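Reviewing the structure listed below.
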Amino acid sequence: MEVPYCIVKGKARLGSIVDKKTASVLCLTTVKNEDKMEFSKILEAIKANFNDKYDEYRKKWGGGIMGSKSQARSKAKEKLLAKEAAQRMT
């Protein structure tokens, strides 16, 4: 189910669409006939900038750089797993 979504900067921008001061979430269920052309252009831009680039954005999250404490913890975990594997083999 490919539902187009978009992250908007500021709750006030969403609120201006529904004539409120702020809105944190907005779901459009119907669009007026006279606004459908403009809405379809916006929808295409949303799909191109957010939905279609999801995998690209996901790959950039997190740098994979761990601090010294995390590195020590992962080394200790690896040693423990290696020790358990060696015990299973004998």
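Tally time: how many residues in segment 17-34 are part of a helix (DSSP H, G or I) and either farther than 21 Å from Val3 by Cβ or at pLDDT 90 or above (or both)? Break it down stepwise before answering.
Step one: of segment 17-34, the residues part of a helix (DSSP H, G or I) are 17, 33-34.
Filter again for either farther than 21 Å from Val3 by Cβ or at pLDDT 90 or above (or both), leaving 33-34.
Here the count works out to 2.
Is it true that Arg88 is of a type in the set (Lys, Arg) and surrounded by 11 or more Cβ atoms within 10 Å (Cβ to Cβ)? It would help to see each step written out before you state the result.
Numbers: of a type in the set (Lys, Arg): yes; surrounded by 11 or more Cβ atoms within 10 Å (Cβ to Cβ): no.
Criteria not met by Arg88.
Spot the failing condition for Asn49; the list is (1) farther than 28 Å from Glu2 by Cβ; (2) touching a residue at least 40 places away in the same chain (Cβ under 8 Å); (3) of a type in the set (S, T, N, Q), and only one is missed. Exception for Asn49: condition (1).
Being in a loop (DSSP other than H, G, I, E, B) and modelled with pLDDT of 85 or more is a condition met by at least one residue of segment 55-74.
All conditions but one from (1) surrounded by fewer than 10 Cβ atoms within 10 Å (Cβ to Cβ); (2) modelled with pLDDT under 90; (3) of a type in the set (A, V, I, L, M) apply to Leu14; the one that does not is (1).
The values are calculated or read from the model by the stated rules, or taken from the named source; none is laboratory data. Remember, it's a predicted structure, so these values are computed and weren't measured experimentally. Reconstructed Cβ throughout: ideal geometry from the backbone, glycine too, with neighbour counts over all protein chains shown.
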